[in-house]
Each structure stands twice: as structure tokens, then as C-alpha cells.
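Peer 1: First the structure, then my questions, so here it is.
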Amino acid sequence: MQQHPEPARARSDHRKLGRELGLFDTDPLIGAGLPYWLPDGAVVRHAVEEYIRGVERRAGYRHVYSPVLGKRELYEISGHWSHYSEDMFPPMDLGGEQVVLRPSLCPHHALIYRSRAHSYRELPVRIAELGGMYRAELSGVLGGLTRVRAIQLNDAHIFCTLDQVADEASAALALIRRAYRALGLRPARYRLSLPGPGGKYVAEPGMWERAGALLTEVLHRAGLPYDAVAGEAAFYGPKIDVQLTDGAGREATLSTVQVDFFQPERFDLHYLGSDGARHRPVMIHRSIIGSVERAVAHLIEVHGGAFPAWLAPTQVVVLPVTDAEVPPAAEFVRRCAEVGLRAELSGPARGGLGARIRAARLVPYQAVLGPREVAGEEVAVRLRDGRRLDARPAAEMIEEIRAIVDAHGTGLWPEAS
Ligand SMILES: [Zn+2]
């Protein structure tokens, strides 16, 4: 088994950094495992979510919204009630009915698929949602963004023919790997999660074998080394897990690709084949970054708060040397904002230039405006990593930074510059 260790960089606890950087917090009155996002944290989360939505849109997914509640009966049909109830919140009684905070998005998406007739020509149908789900974690294990009771999941379900499963699962795995490059994450290993002993899994040996064989083919096709592990499958099918290691060296799963023959049966899903007869689709469950909370926790730790430019809460800090440069500095901030960059003015009222640069040490681009720059209608930019760029016209600088941010990479500036 080939290991890809994280770069040797000091990694801090996301809970400590999250508080220091003003990204998220909790309040006992809201409750344990229910963090809220402060403005800077909300910016990071929003950037991640928009990136994911864009990538999915371009890969042919259609986005939906579905409610976080469902009737108990829905989860009895999906099998969650009998296989997963210990992780679910207790049902709420409502006018003679019981409703449940959903433990997953799958049943809602199965119903959305079922709500319309589908011909084989439309397949694969790819339904995506960044939606809320809930897990009744015990209060003793809750903390930060990694163990929470309210989860925002980057989820999608692909309804397709058996012949399309390997291609669709491969494409999903490729999306995951591409997103990791943009986010600056490195998988520690790939895991093929299979059922273990015990009654937690639906018992249909033929289904498990077929689904396991398809996922093995996907891993072989991608040329990825993997470990097959018993006891980690979802109750309805095997899955590929992309494993990461956290700051303490513990493994965590963000991304998964699962093949499921069970839910389509339970929800009686079908499509009209070229032969005019009804056929059962296969359901692929896949998540590129898993829960947004867990993904951002991991990003905070991996980058130590120094996020890639496209994720940084503030992308450009503008530093007038004296009060005389404050008006042109404010104008530069305005021009950055106009093209969608997140820029902030840090003027002499906040202290000497050196102190202001230190305070902005996590901001990717630090634009200094002194009398010389203002006279020459230029800006001099210092990168977070200490590199200094030649002064250039403001419009040119803004355009170059915007292009780097839009490219969703991890580099601050092209090396040749
Ligand atoms: Zn699912």
C-alpha cells in the first residue's frame, strides 16, 4: 500500500485556529455540536460551496433543494430506520404523524427521480444538492467542525443503467481528485469499504458482489492503489472512500463513491428501456468533499489558516503608507471589489506599516501604496510568502490577481514572475 504523507508542515487544531481567526464558534444556548459560522468562515464556506456547484454543473449534474425533514415511513422504506436508527434523532410527533430530521439525502433524491418518468435516453440522471442532514452524536464526542449534529452535505445521486456505472463512478472519482488539487488536499489512501460481520448490512450477497466488482474496476482503471476493508460499507452497498489524515494523524473520510442496487428496489425506481419495458436503474451515491464542516476543518488545519487565494476571507489587503495615500488606497479597494475580489483597507490608524503587514500575514496579496506608487499610478504587491512583485499599473495588477483567483489553484503567483 503506497502512502502519500501530508507535507511536513506544522498543523494546528482547527478548533483553536477557527476561534483565533474568527471563522466559527459555538454557544451553549444553541447547543453542543451546532457551530455557527462567523463572516470570515462563511466566506470560506461559500467559496467552497460555489466551487463545488460550478464543477458539478459543468459535469452534467442538476441541483435541487429538498427539505431536511421527512416522515418516519420514508426512512422505513429506505432502510435507515432498521439499519441506522441509533444515529438518527428521535422522531417528532406532529398531528398524529411522526417526522424525522433526515439522516441522509438519498431517500429525498430517490423520490425526486421517481416523481417523473424517465427514458433510457435521459440516463444518467445526476441529481446534486448541498443539503442539511442530522446525526444524533453523543455530546461527549462533539467538538469543532468535525463532530457535529447538523451537517451540510455535498451530495449527489446518479441514476443510470448497469452499463453506465463504471464510467459514472470513474468520472466521480476524477472530480474528487480534481477538487483536491484545487483545495490543496492530498488523499492519504483509497479504501474499498466492504461489509463486515453483523446485522448492520442489508443481506443480498449477489448485490454486494456485483457492486464490489464494479468499484474494484473503477479503482483499477484509475490506476490507484487501495486497501479493501471489511466493516466500513454503507448498509446498502460498498463504497470507495478517499481517506485523509487530520492534524493528530487520525484518518477521516470526506469523499465517497458508492454503488447501490438496494435503494432503487426499495423505492421501485425504473426507466423505460429501448425495448419499451421497465428496467431498474442503479443508484450511485457520491460526495466530492463530504460534509462542508469537516472539509473546512481539514482545510483550516492543512493550510494553517493561510488558505489558497480563491478561498481566503480577505484576498487583498491595501496598505497606504501615510494618511495622504488613504484616498487612492480606498479607490484601489473599490476597484478590486468591482471585479469580485475581497479587498480590505488597513490604514495608518491601525499602526505602523510593519505591524499592519504582520497583522495581514495570512492575506495572500498585500498591496503597499506609498507616495512613489501613487505618483506613478502603480501598486507594489508583496505576497504572503514574502516574495515581492515589481510595481505595475493598478488595473494590470488587479487583472492578474483576479485571473489567479478564478483559476482555483493553490499557487499565489506564477513562478516565472
Ligand atoms: Zn446517498
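The rows are residues; the columns are (1) more than 22 Å from Phe307 (Cβ to Cβ); (2) in a loop (DSSP other than H, G, I, E, B); (3) open to solvent by less than 30 Å² (accessible area, probe 1.4 Å).
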{"position": "Ala324", "(1), (2), (3)": "yes, no, no"}
{"position": "Ala329", "(1), (2), (3)": "yes, no, yes"}
{"position": "Arg356", "(1), (2), (3)": "no, no, yes"}
{"position": "Arg361", "(1), (2), (3)": "no, yes, no"}
{"position": "Met397", "(1), (2), (3)": "no, no, yes"}
{"position": "Thr410", "(1), (2), (3)": "no, yes, no"}
{"position": "Glu415", "(1), (2), (3)": "no, yes, no"}
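Peer 1: Looking only at region 38-55, which residues are open to solvent by 40 Å² or more (accessible area, probe 1.4 Å) and touching a His at 6+ places or on another chain (Cβ under 9 Å)?
Peer 2: Matches in region 38-55: Arg53 only.
Peer 1: Evaluate the following for Gly305: is it in a loop (DSSP other than H, G, I, E, B), more than 18 Å from Leu173 (Cα to Cα), away from the ligand (no atom under 16 Å from the Cβ) and modelled with pLDDT under 90?
Peer 2: no
Matching residues to (1) of a type in the set (D, E, K, R); (2) under 23 Å from the mean Cα position of the chain (by Cα); (3) surrounded by fewer than 18 Cβ atoms within 10 Å (Cβ to Cβ):
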{"position": "Arg57", "(1), (2), (3)": "yes, yes, yes"}
{"position": "Tyr65", "(1), (2), (3)": "no, yes, yes"}
{"position": "Cys106", "(1), (2), (3)": "no, yes, no"}
{"position": "Ala110", "(1), (2), (3)": "no, yes, no"}
{"position": "Arg114", "(1), (2), (3)": "yes, no, yes"}
{"position": "Leu123", "(1), (2), (3)": "no, no, no"}
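Peer 1: Might you check whether a residue that is away from the ligand (no atom under 16 Å from the Cβ), open to solvent by 50 Å² or more (accessible area, probe 1.4 Å) and either assigned to a strand (DSSP E or B) or not basic (Lys, Arg) (or both) occurs anywhere in region 172-179?
Peer 2: yes
Peer 1: Could you check, for region 250-266, whether at least one of its residues is of a type in the set (Gly, Ala, Ser), away from the ligand (no atom under 16 Å from the Cβ) and in a loop (DSSP other than H, G, I, E, B)?
Peer 2: Residues of region 250-266 of a type in the set (Gly, Ala, Ser): 252, 255.
Next, from what is left, pick out any that are away from the ligand (no atom under 16 Å from the Cβ): 252.
Subsequent filtering for residues that are in a loop (DSSP other than H, G, I, E, B) retains none.
The answer is no, given that none of the residues of region 250-266 is of a type in the set (Gly, Ala, Ser), away from the ligand (no atom under 16 Å from the Cβ) and in a loop (DSSP other than H, G, I, E, B).
Peer 1: All but one of (1) closer than 26 Å to Leu272 by Cα; (2) touching a helix residue (DSSP H, G or I) at 6+ places or on another chain (Cβ under 7 Å); (3) away from the ligand (no atom under 16 Å from the Cβ) hold for Pro124, so report the exception by its number.
Peer 2: (3)
Peer 1: Checking the condition β-branched (Val, Ile, Thr), buried (at least 17 other Cβ atoms within 10 Å of the Cβ) and either over 30 Å from the mean Cα position of the chain (by Cα) or more than 26 Å from Leu38 (Cβ to Cβ) (or both), which residue from Val302, Val374 passes?
Peer 2: One residue alone meets the criteria, Val374.
Per-residue answers, yes or no, for (1) at pLDDT 90 or above; (2) within 27 Å of the chain's Cα centre (by Cα):
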residue: Pro205; (1), (2): no, no
residue: Thr216; (1), (2): yes, yes
residue: Asp241; (1), (2): yes, yes
residue: His270; (1), (2): yes, no
residue: Ala295; (1), (2): yes, yes
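Peer 1: If Ala117 passes every condition in (1) away from the ligand (no atom under 14 Å from the Cβ); (2) closer than 25 Å to Asp25 by Cα but one, which one does it miss?
Peer 2: Failed condition: (2).
Peer 1: A follow-up question, please. Which count do you get for residues in region 182-217 that are closer than 17 Å to Gln243 by Cβ and charged (D, E, K, R)?
Peer 2: Residues in region 182-217 being closer than 17 Å to Gln243 by Cβ and charged (D, E, K, R): 3 in total.
Peer 1: Part of a strand (DSSP E or B) and at pLDDT 95 or above, is that true of Gly41?
Peer 2: Judged against the criteria, Gly41 is not a match.
Peer 1: Moving on. If you take the residues of region 180-222 that are part of a strand (DSSP E or B) and of a type in the set (Ser, Thr, Tyr), which of them is most open to solvent (accessible area, probe 1.4 Å)?
Peer 2: Tyr190
Peer 1: Shifting gears a bit: Going by the conditions given, is Val99 surrounded by fewer than 19 Cβ atoms within 10 Å (Cβ to Cβ) and within 15 Å of the ligand (Cβ to nearest atom)?
Peer 2: no
Peer 1: Pairs, please: C-beta under 8 Å, at least 6 apart or cross-chain, first residue surrounded by fewer than 15 Cβ atoms within 10 Å (Cβ to Cβ) and in region 266-289, second part of a strand (DSSP E or B)?
Peer 2: Sorted first by the residue in region 266-289, then by its partner, the pairs are Gly273/His279; Arg278/Tyr271; Arg278/Leu272.
Every residue, every condition in (1) in contact with a Gly (Cβ under 8 Å, 6 or more places away or on another chain); (2) not aliphatic (A, V, I, L, M), yes or no:
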{"residue": "Tyr134", "(1), (2)": "no, yes"}
{"residue": "Gln152", "(1), (2)": "yes, yes"}
{"residue": "Glu168", "(1), (2)": "no, yes"}
{"residue": "Tyr201", "(1), (2)": "no, yes"}
{"residue": "Glu209", "(1), (2)": "no, yes"}
{"residue": "Ala213", "(1), (2)": "no, no"}
{"residue": "Arg221", "(1), (2)": "no, yes"}
{"residue": "Leu224", "(1), (2)": "no, no"}
{"residue": "Ala234", "(1), (2)": "no, no"}
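Peer 1: A follow-up question, please. Tell me which residues, restricted to region 128-144, are in contact with a Leu (Cβ under 9 Å, 6 or more places away or on another chain) and open to solvent by less than 20 Å² (accessible area, probe 1.4 Å).
Peer 2: Glu129, Leu130, Gly131, Gly132, Met133
Peer 1: Pull up region 240-265, narrow it to residues that are closer than 18 Å to Ala222 by Cα and touching an Asp or Glu at 6+ places or on another chain (Cβ under 6 Å), then point me to the one that is most open to solvent (accessible area, probe 1.4 Å).
Peer 2: Thr256
The values are calculated or read from the model by the stated rules, or taken from the named source; none is laboratory data. Since this is a predicted model, take the numbers as computed values, not measurements. Neighbour counts are summed over all protein chains in view; Cβ atoms, including those assigned to glycine, are modelled from backbone coordinates with ideal geometry. Each accessible area value is taken on the protein alone, full model and side chains, heavy atoms only, with ligands, DNA and RNA left out. Shrake-Rupley method; radii C 1.70, N 1.55, O 1.52, S 1.80 Å.
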